[in-house]
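A quick write-up on the structure given underneath.
Derivation of every value follows stated rules applied to the coordinates shown; laboratory data play no part. Computed from a prediction, not measured in an experiment: that's the story for all the values here. As a convention, Cβ positions derive from the backbone with ideal geometry for all residues, glycine included, and neighbour counts pool all protein chains shown.
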Amino acid sequence: MVDEVKINAHKRKDFSGSRMHELKAEGNIPAVLYGPDIESQSIFVNAKEFKSAISGEHGENVLINLKVDRSKSQMVIIKEIQADPVTMEIQHADFCQIRLSEKVEVEIPVEVIGEAPGVKVDGGVLEHIIRELAVKCLPAEIPDNFVLDVVGLNIGDSLKVSDIRYSGDVEILADPDAIVLHIVPPDEYKEPEEQELEQEVEPEVIGAKKKDEEEAEEDKPKEKASGKDKESAGEGDGE
């Protein structure tokens, strides 16, 4: 069975912004707790205890025995962690109460081991497409990770979801034919930043074109209106 980690929590009663800042300054993390057998409640946990819990071999999928003040402890898993995009400091966490006899859905990281001849010998690039996979299993059977060995892969070779080997009653929710990784020739590989740039360029061009068309349409009525004004002015002069 997966090891459990104990964490103490306390209810939050003051939801003002100033109190939130105080909690973080005091070394705490605001959080919420919800589940099938309990009412949703706002809590906070000690940041050091929380970071220690997710730094073990099970990572963010660790089973946590959470005790809120003097209430009965609950078995929970972490559903979401929000972090500052710049400092990466944890800002908020979601805890979901679970039943050990019922399956849960979690995200499992995919790790790559070994050296591919297509990379080491032929200079290709290993493109890791899927880095996490959603699974459904009992809490005690949550895998730490999925491992794919790339030894023997040449340029043009790939590994799919169906190539992942694991033990236990674990259901991978992704398409079995989805490509997890492949080896591409060096001249075909593009850095993620380059891909994002290409995706951003086309919408900008379309947007600019659309704006020009809208401005052209707006100008047409103005020209007609000015023509009518001229006719009105001419009739007035004749009278």
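Mind listing which GluC sites (Glu not before Pro) in the range 1-80 are in a DSSP loop and have 13 or fewer other Cβ atoms within 10 Å?
Within the range 1-80, the qualifying GluC sites (Glu not before Pro) (loop, at most 13 other Cβ atoms within 10 Å) are Glu26, Glu57.
Please work out whether the range 4-99 counts as rounded, prolate or oblate from its C-alpha gyration tensor, where a ≥ b ≥ c are the square roots of the eigenvalues and a/c under 1.5 means rounded, while otherwise a/b larger than b/c means prolate and anything else oblate?
oblate
With each pseudo-label sitting 7 Å past Cα toward Cβ, what's the Asn154-Leu100 distance in nm, one decimal?
Roughly 5.1 nm, to one decimal.
Note down the nm distance, to one decimal, between modelled labels 7 Å out along Cα→Cβ at Ala134 and at Glu171.
That separation, rounded to one decimal, is 1.3 nm.
Ranking request for peptides 66-76, 164-174: highest mean number of other beta-carbon atoms within 10 Å first, then the rest in descending order. Mind showing how you got there, number by number?
Numbers: 66-76: 14.7, 164-174: 13.0.
Ranking the peptides 66-76, 164-174 by packing returns 66-76, 164-174.
What distance in nm separates the two pseudo spin-label positions at Glu111 and Gln82, each 7 Å out from Cα along the beta-carbon direction?
Label-label distance for Glu111 and Gln82, simple model: 3.1 nm.
Quick one: what are the phi-derived ³J(HN,Hα) couplings along the range 48-58, Karplus 6.51/-1.76/1.60 with θ = phi - 60°, whole Hz, x for glycine and proline?
Going residue by residue, I get 5, 4, 5, 5, 5, 5, 8, 8, x, 5, 8 Hz, with x marking Gly and Pro.
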